[in-house]
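The values are calculated or read from the model by the stated rules, or taken from the named source; none is laboratory data. Note that the structure is predicted; figures quoted are calculated from it, not measured. Every residue, glycine as well, gets a Cβ built from its backbone with ideal geometry; the counts of neighbours run over all protein chains shown. For the accessible areas, the whole protein counts, side chains as well, though only heavy atoms, and no ligand, DNA or RNA atoms are used. Shrake-Rupley method; radii C 1.70, N 1.55, O 1.52, S 1.80 Å.
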Amino acid sequence: MTRETRFGALAADARWQAAWDAANSFATNEGGEKPKAYILEMFPYPSGRIHMGHVRNYAMGDVLARFKRMTGHDVLHPMGWDAFGMPAENAAMEKGVHPGGWTRDNIAAMRAQLKRLGLAIDWSRELATCEPDYYGQEQALFLDMFAAGLVARKESYVNWDPVDMTVLANEQVIDGRGWRSGALVEKKKLSQWFLKITDFADDLLEGLGSLDHWPDKVRLMQENWIGKSQGLEFSFRLAGGAPGFDVFTTRPDTLFGASFAAISPDHPLAERLAKDSPELTAFIAECRRQGTSAEQLETGEKLGFDTGLAVEHPLDPDWHLPVWVVNYVLMDYGTGAIFGCPAHDQRDLDFARKYELPVHRVISQPAPAKAGGDETGQVFHGDEAYVGPGRLVNSHFLDGMTVDEAKAAIIARAEHEGWGKGTTVWRLRDWGVSRQRYWGTPIPFIHCPACGLVPVPKSQLPVVLPEDADFSVPGNPLDRHPTWKHVACPSCGGEAVRETDTLDTFVDSSWYFLRFASAPADKPFDPEVIRRWLPVDQYIGGIEHAILHLLYARFWTRALNKLGMIDIKEPFASLFTQGMVTHETYSRAQGEGLPPLFFTPDEINRSADGATLDADGAPVTVGRVIKMSKSKKNVVDPDAILDQYGADAARWFMLSDSPPERDLPWSEAGIEGAWRFVQRLWRIFGETGNVGDGGEDKPLARKLHQAIAGVAADVEALGFNKAVAKIHALANEIEKAKPSATRAEACRTLILLVAPMMPHLAEEAWAALPEAQRSTAMVADAAWPIADPALLVEDEVTIVFQVNGKRRDEELLPKDAPREIVEERALANTNVQAHVAGATPKKVIVVPNRLVNIVI
Ligand code: ANZ
Ligand code: ZN
């Protein structure tokens, strides 16, 4: 092969992608003997086109997968599609296309784009969750979970999105609005399917402790989401002695600071009282119209309705507290009722100030140092609740205790006197998986008027979605389909109807990593095969999945473990959350009341002092560097970049500039730089035959072997930008060095070092090597070079010479040289002598391998 002087990236990309395909290079070695490495990036939603965030995510995973192959692992590196969900159905409603056709077209387009990146993926394992061979097995698992008591059907208030006409999970309600439609969410009572994730609350919490290779931030977010709270549950009696209601508190220590009791608008007592009170009925309706997200309740306006009832304080029956119905008390947490202690709870304080209720301090507050003693006065001032530590005050027998001591004392007393008990409550709710949508996994149940709820027999799976559905009106097309839901009852044969709810798409992504490892036709997976591949060794994805997806996948893994289908409990041994790809924005104001008009980076001419629009040459406003998003038009299309620079430059840039967990600001200069470096490497690789006078170059050999070890360690730790820096440094050293056998060897080895990151360039350079210098036909199958340990240690070190603690010079000396020699060299140094000026040193301090300090 004659060697081009420039690397032709586009031709090389196509050539090697075809070669890997033809050789089946990245097929998983099922029954292999080597250690396994399961490398997984979160699978994409097939929205239509890949974006730079995908490129970054998949480039990272790919480097690791290729590196693992080179370092002697059987690698599983699959790809698939999280293919159910609303956007397909919206496209159906807006454009009249079928969700299935839309989705499959998108998959084809995105697959082609991903292939252009040259990913080392075992495409034979590709799956799409919208295909019956996948969701049918999910239905089978759902039935297994039902049989094991992990599925429940419950009446419950749900978040109803009136635009999408579907139920939303709490986490899909953002600021009281549907996450997708932006419509104000309403509360509605419906019979829903639930997965009993709360059965595993304790275990999911405890398991976090074992996830040493997960970011602390993600573990903390999960911990908060699970939300274990320990406290006291006790009952209030209505004044006069009639039975009242139970409350839950995490701060029983503040009981003497109570100033009211509050119940949720959904509390049975509120509903009972509302029967005789139109005002209360109206108030409750108003509360239901409001959002229910935690954030909204924390910061939104506090609303209350005084019922006129009162309860007895449990420690003093003559002390009566008014009972209010309050919007920030949720029915589905604790008992749906609280006592309010405004001095030490911000929500209660906001509420008390608004409705002019008493505010009593019961925890002393350390005063600022200059003001002297702690604040202990009973009347609490200001609008900021004190939630910090302190000793109990104004609290009878609790006075002087710490918060923890007082909690224990109250719980002991309540249990002794029989009016309350210590309890644990969880923030985690059972997972409502019902969606009133077409484009999802049909829930495999049948409602029979005679037999009730009947599971679809496994022999009748999959329950396949009907192709002909009508999307012309909102609502659930399955529900109004003329024939699909009408079936014979599997149990009595009578007329019955199918369940028309489909599963939340988070169910689809809760087990796909198992199906990648093993996908038999007749069952969800083969446990034997799973045993080999799971857990996933490295999972890589966005921080936006820190809570839900990861928690649900951890739950499914536990559920399947409980069913005896798998041995593990944690699906992802190591998790990495990568940063976003960002870009500045370009816009022009369009006048009052109108949103600004945004422009894409290619419509812009950017210079050091601003930016102009190519079309009219007039300036545009340069905005902040933010996540690339279609709405702000600050996107760079991966295809255009691949057309211009090829895959390797794009990959290299994605890996080089920022630590992978941080945001990566896209820049023209950055991709240009990557492109130039590709060409520079190509020239260096052309030097593999240039041995010059043939001699050995020890310093270069040392640099080379340090790079081999260093790049390996960095890639292993996902420190890609550091690995990139080391490769740059080695390239510089090679260019500086005179031709030699060592240099030729370094050029050859450098091909291997860049191979995981720039696989096309590496293949092209490898192929140009003489046969004898190639261990394998393709770099994709080559082994990572072995670093010579003897060359990893420096045998010379720089020793700093000081006189009276001031640095005067330095010299290169043999490592671990004897003290006398180091001292002698220091005293003989001319710069040192100039400062010693003939004086006799009082002392000579030698720090081995570091410095000599001459004290005169
Ligand atoms: C009295 C009190 C005094 C409280 C005080 C806090 C501070 P976490 O930690 O999140 O579990 N609470 C209990 N049930 C509630 C419900 N259904 N809706 C809204 N709030 C509820 O929160 C527990 C605290 O939140 C409980 O402790 C209760 O207020 C409130 F100085 O009781 B506390
Ligand atoms: Zn029946």
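What is the set of long-range amide H partners of LEU575 at a cut-off below 5 Å, with H atoms built 1.01 Å from backbone N?
For LEU575, whose amide H was placed from the backbone, the distant partners under 5 Å are TRP214, TYR539.
Any idea of TRP319's accessible area? Nearest 10 Å², probe 1.4 Å.
70
Per residue of region 35-51, what does 6.51 cos²θ - 1.76 cosθ + 1.60 with θ = phi - 60° give for ³J(HN,Hα)? Whole Hz please, x for Gly and Pro, Karplus curve as stated.
Per residue, the Karplus-derived 3J(HN,Hα) values read x, 8, 9, 9, 10, 9, 9, 3, 6, x, 7, x, 6, x, 9, 7, 10 Hz.
Give the aspartates and glutamates reachable from LYS68 as a straight Cα distance under 18 Å; neighbours fewer than 8 places away on the same chain don't count.
Once the sequence-local aspartates and glutamates are set aside, what remains near LYS68 is GLU30, GLU33, GLU41, ASP122, ASP537, ASP714, GLU716, GLU763, ASP781.
Taking Cα pairs under 8 Å and at least six residues apart, what relative contact order does region 343-391 come out at, in percent?
Value for region 343-391: 45 percent.
Got a number for the accessible area of ASP122? Probe 1.4 Å, square angstrom, nearest 10.
10
In terms of Cα to Cα distance under 29 Å, which lysines are near enough to LYS95, apart from those fewer than 8 places away along the same chain?
Hits, sequence-local ones excluded: LYS115, LYS485, LYS627, LYS630, LYS632, LYS633.
Just the number, please: percent antiparallel of the DSSP beta bridges in the chain, rounded to the nearest 5.
Taking every DSSP beta bridge with both residues in the chain, the antiparallel ones total about 80 percent.
How large is the Rg to Rh ratio of the chain when both quantities use alpha carbon positions and Rh follows Kirkwood?
Result: Rg/Rh = 1.05.
Taking the Cα centroid of region 24-93 and of region 394-443, what is the distance between the two, rounded to the nearest whole Å?
42
Express in nm, to one decimal, how much length is gained between MET221 and ALA109 on full extension, taking 0.36 nm for each residue of separation and deducting their alpha carbon distance.
36.8 nm
Ignoring any ligand, DNA or RNA, what whole percent of the accessible area of the chain comes from carbon and sulfur when the probe is 1.4 angstrom?
That fraction is 53 percent.
Expressed as a whole number of Å, what is the distance separating the alpha-carbon centroids of region 816-855 and region 726-759?
About 39 Å separates the Cα centre of region 726-759 from the one of region 816-855.
State which entries of LYS188/LYS421; LYS738/LYS806; LYS228/LYS562 exceed 26 angstrom in Cα-Cα distance in the structure shown.
Check vs 26 Å cut-off fails for LYS188/LYS421; LYS738/LYS806.
By how many nm would the segment from ASP468 to ASP374 lengthen if fully extended, with 0.36 nm per residue of separation less the alpha-carbon distance?
Full extension from ASP468 to ASP374 adds 26.5 nm.
If I model a spin label as a point 7 Å beyond the Cα along the Cα-Cβ vector, how far apart are those points for SER491 and ASP526 in nm?
Taking the simple label geometry, SER491 and ASP526 are separated by 3.6 nm.
Using Cα positions and a limit of under 18 Å, work out the lysines in reach of LYS354, with same-chain residues fewer than 8 apart set aside.
LYS302
Before I look further, what does the chain give for accessible area per residue, probe 1.4 Å, in whole square angstrom?
Result: 44 Å² of accessible area for each residue.
Just check region 203-288 against the gyration tensor rule for me: Cα atoms, a ≥ b ≥ c as the square roots of the eigenvalues, rounded for a/c under 1.5, and otherwise prolate or oblate depending on whether a/b exceeds b/c.
Judged from the Cα gyration tensor, region 203-288 comes out prolate (a/c at least 1.5, a/b above b/c).
Could you grab the relative contact order for the chain? Cα pairs under 8 Å, six or more apart, rounded to a whole percent.
13
For THR423, list long-range residues whose amide hydrogen, built 1.01 Å from N in the peptide plane, is under 5 Å from its own amide hydrogen.
Those lying under 5 Å, H to H, from THR423 are GLY231, LEU232, GLU233.
Using protein chains only and a probe of 1.4 angstrom, how many square angstrom of LYS154 are accessible, to the nearest 10?
It works out to around 70 Å².
Per DSSP H run of at least 4 residues, take -39500 (n - 2.57); add these up for the chain, divide by its residues and hand me the 222 nm value, nearest 500 deg cm²/dmol.
The helix contribution divided over the chain gives -10500 deg cm²/dmol.
Would you list CYS492, CYS448 from the most to the least accessible area, probe 1.4 Å?
Greatest to least solvent exposure: CYS492, CYS448.
State, as an integer percentage, the relative contact order of region 680-770 based on alpha-carbon contacts under 8 Å between residues 6 or more apart.
Relative contact order, region 680-770: 43 percent.
Compute, for region 506-609, the length of the dipole vector about the Cα centre, with Cβ point charges of +1 (Lys, Arg) and -1 (Asp, Glu) only. Units Debye, rounded to 20.
600
In what sequence, largest accessible area first, do THR798, THR299 appear using a 1.4 Å probe?
THR299, THR798
Quick check for me: using +1 on Lys/Arg Cβ and -1 on Asp/Glu Cβ, what's the dipole size of region 360-465 about its Cα centre, in debye to the nearest 20?
Magnitude of the dipole: close to 720 debye.
For region 319-368 and region 198-217, what is the centre-to-centre distance using only Cα atoms, to the nearest Å?
If you average the Cα positions of each part, the centres end up 32 Å apart.
With Cβ to Cβ distances under 13 Å as the rule, what net charge do the other residues near ALA783 carry (K, R +1; D, E -1)?
That works out to +4.
Per residue of region 156-170, in order, report the coupling 6.51 cos²θ - 1.76 cosθ + 1.60 (Karplus, θ = phi - 60°) as ³J(HN,Hα) in whole Hz, putting x for Gly and Pro.
Result, ordered by residue: 7, 6, 10, 7, 10, 8, x, 8, 6, 6, 8, 7, 10, 5, 3 Hz.
Of SER629, TYR645, TRP682, which is farthest towards the positive pole of region 602-682's charge dipole, taken about the Cα centre with +1 and -1 on the beta-carbons of Lys, Arg and Asp, Glu respectively?
Checking the options against the dipole of region 602-682, the answer is SER629.
Compare the Cα positions of PHE801, TRP160, SER25 along the charge dipole of the chain (+1 at Cβ of Lys, Arg; -1 at Cβ of Asp, Glu; about the Cα centre) and return the one farthest towards the positive end.
PHE801
By how many nm would the segment from CYS451 to ASP316 grow when fully extended, if each residue of separation counts as 0.36 nm and the alpha-carbon distance is taken off?
Separation in residues times 0.36 nm, less the Cα-Cα distance, equals 43.2 nm.
Please list the non-local residues whose amide H lies under 5 Å from the amide H of ARG437, H modeled 1.01 Å from N, same-chain partners needing a gap of 5 or more.
Under 5 Å from the amide H of ARG437: THR502.
Which Cα, out of ALA765, VAL754, LEU730, lies furthest along the positive dipole direction of region 722-771 (beta carbon charges, K/R +1, D/E -1)?
Farthest towards the positive end: LEU730.
Suppose every K and R has +1 on its Cβ and every D and E has -1 on its Cβ; what is the size of the dipole of the chain about the Cα centre, in Debye to the nearest 20?
Its charge dipole is roughly 1140 debye.
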